[in-house]
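What follows draws every value from the coordinates through simple rules; no lab data is involved. These numbers come from a predicted model, not from an experiment. Neighbour counts are summed over all protein chains in view; Cβ atoms, including those assigned to glycine, are modelled from backbone coordinates with ideal geometry.
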Protein chains: 2
Amino acid sequence: MINYHLTPDQFREQGKKLIDWIADYYENIEQFPVLAQVKPGEIKASLPDSPPQKGESFDTVLRDLDEKIVRGITHWQSPNFFAYFPSNTSFPSIMGDLVSSGLGVQGMIWATSPAATELETLVVDWLAEMMDLPEKFRSSSTGGGVIQDTASTSALTAVIAARERATHLESNKKGVRQNLVAYVSSQTHSSLEKAIKMAGIGSENLRVIEVDDRFAMQPEVLKKQIMNDKSNGLIPFFVCATMGTTSSNAMDSIREIGEICRIENCWLHVDAAMSGTAMLCPEYRHFMDGVELADSFSFNPHKWMFTNFDCDVFWVADRKELIDTFSILPEYLRNKATESGEVFDYRDWHVQLGRRFRALKLWFVIRHYGVEGLQFHIRKHVQLAQQFAGWIEESEAFDLVLKPPLNLVCFRCKGDDDFNMKVMNSINESGKAFFTHTKLNGQIVLRMSIGQTHTEERHVKQTWELIQQTADELA
Amino acid sequence: MINYHLTPDQFREQGKKLIDWIADYYENIEQFPVLAQVKPGEIKASLPDSPPQKGESFDTVLRDLDEKIVRGITHWQSPNFFAYFPSNTSFPSIMGDLVSSGLGVQGMIWATSPAATELETLVVDWLAEMMDLPEKFRSSSTGGGVIQDTASTSALTAVIAARERATHLESNKKGVRQNLVAYVSSQTHSSLEKAIKMAGIGSENLRVIEVDDRFAMQPEVLKKQIMNDKSNGLIPFFVCATMGTTSSNAMDSIREIGEICRIENCWLHVDAAMSGTAMLCPEYRHFMDGVELADSFSFNPHKWMFTNFDCDVFWVADRKELIDTFSILPEYLRNKATESGEVFDYRDWHVQLGRRFRALKLWFVIRHYGVEGLQFHIRKHVQLAQQFAGWIEESEAFDLVLKPPLNLVCFRCKGDDDFNMKVMNSINESGKAFFTHTKLNGQIVLRMSIGQTHTEERHVKQTWELIQQTADELA
């Protein structure tokens, strides 16, 4: 009988080669330039324009992976990766995700694979406990959590649920006809503006509130703007507070913003995409003071919690509002469990219908590390960042732009913007380390983001020496 | 030095155990009940309420996987799974996805990992060639493809891009203020209604066009409705044609609908989520006759093309319209390559910002099977479905509801709706096979969807015997 599939035994052989390939990759990762040193089009041009008519051997694919793909990779898992934000992973997470790929089940509703839904409810409740989130966000209360792909999608979900709350589900029916207004700060992640556009609110109805000298939203300016909008007949409906902005890790005051939201009847979404992970440690929880005032809260275990992309967790205080907004029930998905009301159908908690079994990787990670293992590594990252900030402060050639709340250090070489960019680009082009920039108060600022799984003191130290040396040479 | 991470050598050992675990799973898969036989809450109740303070051993996790999780799994990869739609996978895909988890790179823009973007452009161009899609959908022309998570998100992307085309990017700025109207058929996937709601258009502005006796949209009714809406001052802007509806695999006439769209200036989105895969075989391409009239086209390799979830491919004829709709460029993501205009930044092609390296699994699948291997297995599934339909037709106790265009057979036991549901539920509860129902013309219809990777003639035959026997016993 002709059959092009691999047998389980062939998979045993090839799959194990691949496990070795990944282990080798991590053993050798420091030898690769962190930032890929390729030109646009170079990788594509090295591969055949047309697909193969006949199947090829696994070894050929593996060879091309080594020779043609890896050189076009920017190594996010390198311990010398300090760019953007961490998107770290870990071997337990890779294994949990492998089980998910292997089982290949759909968790769109409870009935399509009960364990996928129930393990998800379990691990997001575990996380709520580990982070000491308010009771209302737990599945045993009025709310609950759900795994989404990204914080962008969670933001969109929050905006749409807020829109429907404000319009009593009218905009789902008639379209956006009300004069809704939303609020972010000038430091809020760009995905919020994108969400406001996608949801049909319009970017002109997004108010960008000014920040203070620590780049946190000014609550009194927010309050004033809301008053102003109301007096113009507009309907304030949504505020996003950020716990740890992308640019500079700024911490909005959730309590002050939350109190305004409660009075003004606005949905408060807390975007804690990166810094949410720090809530595993009690000593950092003051940053989320006031979180009991939030309607939704999201963070990305796929950023700093050793869990591979994609894995964002989105909690709501009132799941009924969410489900009323997103629920659809075509005949071919009707089933007894759904109709009983005893189960969660996570399809109704977000944009997508299809769902991968993503709870597995979180389950593997939490069980492997335990709460104490995760706390240990998060604390270490924060400590390394504080140490780096200390070196910057002591140095005469550099300025610390602001005291880092957690694991992101914003600094400048003494000199103009061009000089700062030159130093950064020169290091990135060396392949020895990779970090990126932002703009704060109109000025270029360099960012050292510390959160890769295998980053140790020596990597931070080497990079600091490299930065000093490069700045010195280019001065 | 304290460290909770696994070493590469520990990963070698445990990862290989997991490869064996997956191989064993596939060897034993026919022994599990296809539909999980658990009650709501049962799986969650079998696991600890609180997370572990200290880390646990890998073997403990693996034991719980066997003893507590697998029993709550509905086995989508079982060769006796005939429910809903296929969501098949294959060993090459599992391995490609494993590399993606292992590398853990972010492909949100070209600069964050050039190979992730360029391999994606390559494989979606390969697919366009393999399916003989019009030139305009290729990256070398005005359009291009992008990997999305699900057809639902692709539909939302299409709706929003169409909205911005119709309003000249005004609704992105001012919100949805125009009287836009969209069109689907009564058989269109529910994600389209969800998209219309999410995008702020409103479900009352979605016209549900009647279908003919083969459940395909009636173009003349569409035309009439558009005329009617225009004469009422409304703005028709979007039509979704389906190639293979979820309920019954009905085929809308893309040509007739497309010609109306061209005249009426509506965006035509073609949803080919499942049946798109059949376009790999020239003999089925008549179903997409007229596709050159489409503005966007999407299908899910994660349904029928041996590629594990999530993997939807979304093509547009004019990428500029897409990018103008979704583009955002915060300072911290600015880079030379983006500014040169020489690269694709796929972040601007959809909802999300973060992106997994999903092209790898498609690349592994296409290279392993080659075009001819994929064609072989698709043809076999279609042939099995046609064979099953033949048995139904010959039988006196069953009715074939309609001639199956491809791999989905809609049939009924002679008897009322309750009897049909009883037969289906009884088989599903036996765990020997799993199939689901829909409603067509107000009547319950049973669906036999044939597309699992390891489904052979014997599985279809056994299930047919089981259906006959069960119907006979319950009659």
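If you add up the charges near A:LYS224, with Lys and Arg at +1 and Asp and Glu at -1, over every other residue whose beta carbon is less than 14 angstrom from its beta carbon, what do you get?
Net charge around A:LYS224: -2.
Could you run the Debye sum over the Cα atoms of segment A:275-376, one equal point scatterer each and no solvent, and tell me log10 of I(q)/I(0) at q = 0.25 Å⁻¹, two decimals?
-1.36
Work through the residues other than A:PRO40 whose Cβ is under 12 Å from its Cβ and net out their charges, Lys, Arg +1 and Asp, Glu -1.
Within the 12 Å Cβ shell, the charges total -2.
What is the order of B:VAL313, B:VAL445, fewest Cβ neighbours within 10 Å to most?
By the 10 Å Cβ count, ascending, the order reads B:VAL445, B:VAL313.
Using alpha carbons only, how many angstrom separate the centre of segment B:1-79 from the centre of segment A:15-42?
Distance between centres, Cα-based: 28 Å.
Starting from a label point 7 Å past Cα on the Cβ side, list the distances from B:ALA397 to the same position in the other copies, nm, shortest first.
8.6
Taking a cut-off of 14 Å, what percent of all Cα-Cα pairs in segment A:374-421 are separated by more than that?
Of all Cα-Cα distances in segment A:374-421, 52 percent exceed 14 Å.
Using only C-alpha atoms and all pairs of different ones, pull out the Kirkwood radius for segment A:80-123 in Å with one decimal.
Mean inverse Cα-Cα distance, inverted, gives 12.6 Å.
For chain A, what is the percent of antiparallel DSSP beta bridges, rounded to the nearest 5?
Within chain A, antiparallel bridges account for around 60 percent of the total.
Sort B:CYS266, B:CYS240 so that the residue with the fewest other Cβ atoms within 10 Å of its own Cβ comes first and the one with the most comes last.
Listed from fewest to most nearby Cβ atoms, that is B:CYS266, B:CYS240.
Collect residues whose amide H, placed 1.01 Å from N in the peptide plane, falls under 5 Å from the amide H of B:CYS311; neighbours closer than 5 in sequence don't count.
Under 5 Å from the amide H of B:CYS311: B:HIS302.
Using only alpha carbons, build the gyration tensor for chain B and give me the equivalent ellipsoid semi-axes, biggest first, whole Å.
36, 34, 21
Exceeding 28 Å between C-alpha atoms, which entries from my cross-link table qualify? They are A:LYS173/B:LYS414; A:LYS197/A:LYS223; A:LYS303/B:LYS197; A:LYS17/B:LYS44; A:LYS303/B:LYS361; A:LYS414/B:LYS336.
A:LYS173/B:LYS414; A:LYS303/B:LYS197; A:LYS17/B:LYS44
Can you give me the convex hull volume of the Cα atoms of segment B:364-474, divided per residue and expressed in Å³?
So the per-residue Cα hull volume is 110 Å³.
Which residues in segment A:382-403 place their backbone N less than 14 Å from a point set 7 Å from the Cα of B:ILE2 along the Cα-to-Cβ direction?
A:383
What are the label-to-label distances in nm, one decimal and shortest first, from A:LYS54 to the same spot in the other copies, with labels 7 Å along Cα to Cβ?
5.8
For the cross-link pairs A:LYS68/A:LYS432; B:LYS16/B:LYS380; A:LYS54/B:LYS68, which exceed 31 Å when the distance is taken from alpha carbon to alpha carbon?
Flagged as over cut-off: B:LYS16/B:LYS380; A:LYS54/B:LYS68.
In Å, what Kirkwood hydrodynamic radius results for segment A:118-196 from the alpha-carbon pair distances?
Taking every pair of different Cα atoms in segment A:118-196, averaging 1/r and inverting gives 14.6 Å.
Please work out the Cα convex hull volume for the protein assembly as shown and give it in Å³ per residue.
144
Distance between Cα centroids, segment A:112-136 to segment A:403-475: provide it in whole Å.
Centre-to-centre (Cα) distance: 38 Å.
Could you check the simple spin-label distance between A:LYS224 and B:GLU220, using points 7 Å along Cα→Cβ, in nm with one decimal?
6.6
Could you work out [θ]222 nm for chain B from helices alone, using -39500 (n - 2.57) per DSSP H run of at least four and dividing by all its residues? Round to the nearest 500 deg cm²/dmol.
That calculation yields -13500 deg cm²/dmol at 222 nm.
Can you give the percent of C-alpha pairs in segment A:105-356 whose distance is more than 24 Å?
44
For A:HIS168, B:HIS189, what ranking results if the residue with the fewest other Cβ atoms within 10 Å of its Cβ goes first?
So the residues, fewest neighbours to most, are A:HIS168, B:HIS189.
Can you list, by residue number, the Cys in the protein assembly as shown that have no neighbouring cysteine C-beta under 4.7 Å?
Isolated Cys, the protein assembly as shown: A:CYS240, A:CYS281, A:CYS311, A:CYS410, A:CYS413, B:CYS240, B:CYS281, B:CYS311, B:CYS410, B:CYS413.
Enumerate the aspartates and glutamates that B:LYS439 could reach by cross-link, defined here as Cα to Cα under 12 Å, with residues fewer than 8 away along the same chain left out.
A:GLU331, B:ASP417
Mind putting together the pair-distance distribution for segment B:64-213? All Cα pairs, 10 Å bins, whole percent per bin, short to long.
Per 10 Å bin, starting at 0, the Cα pair percentages come out as 9, 22, 31, 27, 10, 1.
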